[in-house]
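Below is one structure, written out as structure tokens; the observations come after it.
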Amino acid sequence: MLKNFNGVVFKPPFFEIGPKSYLHGDDVLKLALAADAAALRYDVTIIFTTPVVDIRRVAEATKRIFVFAPHMDPLRPGRGLADTLPESLVDAGARGVMLNHAEKPIPLSTLDETIRRADEVGLATIVCTSSIREASAVAKLAPNIIVAEPTELIGTGKTSDMDYVKASIDAVKSVNPDIFVLQGAGISNGQDVYRVIRAGAEATGSSSGIVKAPDRRAMIDEMIGSVRKAWDDRKAALAAGKE
């Protein structure tokens, strides 16, 4: 199913890669180029959540990935020293923004205002949540994508159990079926990716699992290839009446 989020057309399955502050400079660009190649090879939409200072460079060098900012503030042009102005992200080439990551939490009232500002300037929104209760509450704010990601599992190499995967998807879809749900936390290899996509997720993603891999390009290829295989296997099983 294609969905148009502020001019960004998404279709599942998709994948989010966020180098956070593990990488900088040329290493960020190399990772983005590897993601761009994998997006084309496997026909999988990839969100690349780029450090703010690298947004323009990455956006200008790539063709298939969607470059997202890792945060923004709901301010308007004017005063606001060191805050991140939404309009500046658009000018730099960002297509969307990640909000409320565990490492950059936002109060719910501010999150609501920030999502509205993103809508105003044409940025797609991906909002991180930890608990099923939080996912349900955030769904009422109508972001485009919700990340269901237990905070305690981030960076541990341990993934969410399947009960959490299914319950968090149901919680979001029961509030707003138009929101995509990305299952994150602890995704370390292609097997993890395959498992969560086959369990019903529309998307997943990884940060440390990729940037800490001995061969980052190979890990991206493994994970994105697993997204495609899991999605195709899932469709085939549904068509055969086996799920």
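A quick yes/no check of all residues on (1) of a type in the set (A, V, I, L, M); (2) closer than 24 Å to VAL196 by Cα; (3) assigned to a loop (DSSP other than H, G, I, E, B); (4) free of Cβ contacts under 8 Å to residues at least 12 places away in the same chain:
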| site | (1), (2), (3), (4) |
| --- | --- |
| SER21 | no, no, yes, no |
| LEU33 | yes, no, no, no |
| ARG41 | no, yes, no, no |
| ILE55 | yes, no, no, no |
| ARG79 | no, no, yes, yes |
| GLU103 | no, yes, yes, no |
Positions within the stretch 166-180 being at pLDDT below 90 and assigned to a strand (DSSP E or B), in sequence order: none
Taking the residues in the stretch 12-51 that are in contact with a Ser or Thr (Cβ under 6 Å, 6 or more places away or on another chain) and modelled with pLDDT under 95 as candidates, determine which candidate is nearest to PHE68 (Cα to Cα). GLY18
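Could you tell me which residue of the stretch 82-96 is surrounded by the most Cβ atoms within 10 Å (Cβ to Cβ), considering only residues that are among the acidic types (Asp, Glu) and either more than 22 Å from CYS128 (Cβ to Cβ) or in contact with a Gly (Cβ under 8 Å, 6 or more places away or on another chain) (or both)? Steps first, answer last, please.
Quick first cut of the stretch 82-96, residues among the acidic types (Asp, Glu) only: 83, 87, 91.
Narrowing the set further to residues that are either more than 22 Å from CYS128 (Cβ to Cβ) or in contact with a Gly (Cβ under 8 Å, 6 or more places away or on another chain) (or both) leaves 87, 91.
Details: GLU87: 16, ASP91: 12.
Here the residue is GLU87.
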Count of residues meeting criterion [closer than 13 Å to GLU149 by Cβ and in contact (Cβ under 8 Å) with a residue 24 or more places away in the chain] in the stretch 105-134: 6
So ARG79 passes all but one of these: (1) surrounded by 19 or more Cβ atoms within 10 Å (Cβ to Cβ); (2) over 23 Å from ASP178 (Cβ atoms). Which condition number does it fail? (1)
Evaluate the following for ILE17: is it crowded, with 22+ Cβ neighbours inside 10 Å, in contact (Cβ under 8 Å) with a residue 40 or more places away in the chain and closer than 16 Å to VAL147 by Cα? yes
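If we keep just the residues of the stretch 196-243 that are of a type in the set (S, T, N, Q) and under 16 Å from the mean Cα position of the chain (by Cα), which is farthest from HIS24 (Cα to Cα)?
So in the stretch 196-243, the residues of a type in the set (S, T, N, Q) come out as 204, 206-208, 226.
When the remaining residues are screened for being under 16 Å from the mean Cα position of the chain (by Cα), the result is 204, 206-208.
Values: THR204: 23, SER206: 17, SER207: 14, SER208: 14 Å.
Result: THR204.
The values are calculated or read from the model by the stated rules, or taken from the named source; none is laboratory data. Since we're looking at a predicted model, the values are computed, not measured. Cβ atoms come from the backbone with ideal geometry, glycine included; neighbour counts cover every protein chain shown.
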